[in-house]
1. Using R₀ = 60 Å, calculate the FRET efficiency as 1/(1 + (r/R₀)^6) where r is the Cβ-Cβ separation of B:E163 and A:K155; round to 0.05.
2. Which value results when the Cα radius of gyration for chain A is divided by 2.2 N^0.38 Å?
3. So what does A:D65 come to for accessible area, using a 1.4 Å probe and Å² rounded to 10?
4. How would A:I190, B:I366 rank on accessible area, largest to smallest, probe 1.4 Å?
5. Residues in the range B:71-102, backbone N under 14 Å from the label point at B:F185 (7 Å along the Cα-to-beta-carbon vector): list them, ranges by number please.
6. Can you name the helices of chain A, as whole DSSP H runs, whose Cα span along the helix axis is 30 Å or more and whose Kyte-Doolittle mean is not below 1.0?
7. Sequence neighbours fewer than 8 away in the same chain don't count; with that in mind, list the lysines whose C-alpha is under 21 Å from A:K121.
8. Report the accessible surface area buried between chains A and B, summing both sides, using a 1.4 Å probe on protein heavy atoms only, in Å² rounded to the nearest 100.
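The values are calculated or read from the model by the stated rules, or taken from the named source; none is laboratory data. Because the structure is predicted, anything quoted here is derived from the model rather than measured. Don't worry about glycine lacking a Cβ; one is built from the backbone with ideal geometry, like all the others, and counts go over all protein chains shown. Ligands, DNA and RNA are stripped out before the accessible areas are found, and what is left, the full protein with its side chains, is counted by its heavy atoms. Shrake-Rupley method; radii C 1.70, N 1.55, O 1.52, S 1.80 Å.
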Amino acid sequence: MIVNDNKIPDMPPPASTVGAVGWLRKNLFSSWANSILTVVVGYIVISNLIPLIDWVFLTSDWLGDSREDCTSGGACWVFITVRLEQFIYGFYPESEYWRINTIFVMLAGLIAALIFEGTPKKGWLGAFTLLIFPIIAFYLLYGGAFDLEVVETHKWGGLSLTLVLACVGIVASLPFGVLLALGRRSNMPIVRSLSTAFIEIWRGVPLISVLFMASVMLPLFVSGETSMDKLLRALIGITMFQSAYMAEVIRGGLQAIPKGQYEAAMALGLNYWKSMGLIILPQALKLMIPGIVNTFIALFKDTSLVLIIGLFDLLAIVQAALSDPKWLGYSVEGYVFVAFVFWIFCFSMSRYSQALERKLHTGHGAR
Amino acid sequence: MPADLDQSSAPASKTKFWNDPDKRAILFQIIIVVLVVGTIGHFVSNALTNLETRGITTGFGFLSQSSGFDILLTLIPYDATYTFGHTFVVGLLNTLLVGFLGVVLATILGFIMGVARLSNNWLISKLAMCYIETFRNIPLLLQIFFWYVAVLGPLPGPRQSIEIGSAFLNNRGLYTPAPVFESGFWFVVVAFFAAIALCWYLVRWNHRRQDLTGQQFPIFWSSVGILIAVPLVVYFFAGSPMSWDYPELKGFNFKGGNVIIPELTALLLALTIYTAAFIAEIVRSGIEAVNKGQTEASHALGISNAKTLRLIVIPQALRVIIPPLTSQYLNLIKNSSLATAIGYPDLVAVFMGTTLNQTGQAIEIIFMTMAVYLTISLLVSAFMNWYNKIMALAER
């Protein structure tokens, strides 16, 4: 009897299903129609991409201090680099830039700590970010305390104003949103209908009309001679608008809490506010974070609308710079820069919220 | 439920009334009502005194005053002698025009991109992903400015217009020949409706035949043929009762023909591209939500790929797609108010902008404008709820 102890080595897989060739066959040339599509679309993409890269990077100018330095025919990023400080700080006095920088650094540090998994005492840190930090930031930005020079709000502008609008809008709308959401789920008919009406009215009208209302009608509503700050009016409008959207996010989170939790809280003899504050909201808020981040993204993009009521956020300040006679004709560069800044912020936030959603999605449901 | 928290039933005789949840709820609501009414009353009285000191008239009398300004694009006859009431209607129609066109275009582009995102061709799917991730993360206002200032702005003036056939493209807009209908044209219209009726009959006949014999008739292409051929034949028999009004360069601008102003083009481009990116994501997640077993079962029954998508997957996906799609439509209509930034004469621009500046009657005008958007929102969501109910799964 002959027994062959030597195992015959495995055959390599067919070359056409593995490696680069296999990948190409599977993903780009799986059928005749697909192959034609790939070739045609690939040609269109490449023939557009090469001039684009050329324009953005290869033949562009980056350094200089006037339009005479833009000689090579590509994008003239000199326009951006020369005015970068204005785009970030607005008309803030140059000697006080450190105040905005401090806020930027603190905000970035706090957000990093909140996102990082292993940070201890996250709850306290979050409370600090939402309650104490805005006060510090206000005194740093506006001044008027601790020997800081007062910087009037009409000097605020650029990216820092965009961030102020978005952050204040989201932080200020949180408590209102919680109250409105609880009101909409309350069993008291008057409270419920008032909350529902408030939410649906603000969600049904465009933000522009709210901003117009805040800038034109609000001064009529407050008594007498007190003239309200333009930025404050815009912030009030944004907060009212945003709290309606926030209320719906929070309501979604509240609905996701199983009924047993409400019943258990009641069985323990907790009253309404205690059962909400100690049992329901802590669980619901965690579920709401992705939704809150998504509304924050929407708000962040919507802050650009304040340009219509005459505030100089990032888009408005670039738009104003475009009409400077020294730099006429560089609108594409200006818009691409603003788009890039907004895109970086919004894209990273949306990726964070998606990752968080996947993490919170523990097992139940379809995928 | 929190609703149940206050409903503990205690013997009414022993509890003090502030410990009785029902009575406490009534007291709480009375306080809320007093607060809300008080605040509103305070605002109203302030507003009245402020209006008086500033000498601004109140009421809706201004609606019958002559407006005194022209509007770039009007769907109904309008000039400076018409009243502010007409201005309101013109603005409203312009808003509805851009909203309607935007919804149609965004739906088409969004569905194409959503399906492309799921293509098994790597290149197509990644391109769709790049499109979605780029355009939904850039503010809409910026996109409107980009199309208006950076793309349509540098077009040549009327004298150096770009000729496309008998259409002209310049920085004042796209001038196309306009059809002029002559007296016999209503024959063609009648023929068209007759063709629609014929198609409807054909579809029913086909269904019956398929039920009886299992054979199918190329219903789609034959319907297209009928819809084109019947009106065309009638058109020639009626003696071609239609002519074209060609745009001509007279002086500094074109006269005659149709014009699509660049403000409308820029606004539509931006609204469509921005909203379609969101719709594409909705379509993608809707299709992904359909169980893979459905596709496999359909293939096992020998149904072709295209028919599987059309008859099995899309109808089930629509249930998931419709609710978020509604809110995107509403967003698009609300976002069309950004028109005011580039001067497209929509409701916000001509009414809340120009009319408010001329009359100063902020309260009436802002309330009217908001009421319009609120009504549109409520109507669209009511329609979509009704449609959703039809499409929803009949639970047994």
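1. E between B:E163 and A:K155, to the nearest 0.05, is 0.75.
2. Scaled against compact globular proteins, the figure is 1.32.
3. Counting only protein heavy atoms, the figure is 120 Å².
4. Descending order: A:I190, B:I366.
5. none
6. Result, helices passing both filters: A:32-53, A:158-184.
7. A:K286, A:K359
8. Summed over both sides, the interface buries about 5400 Å².
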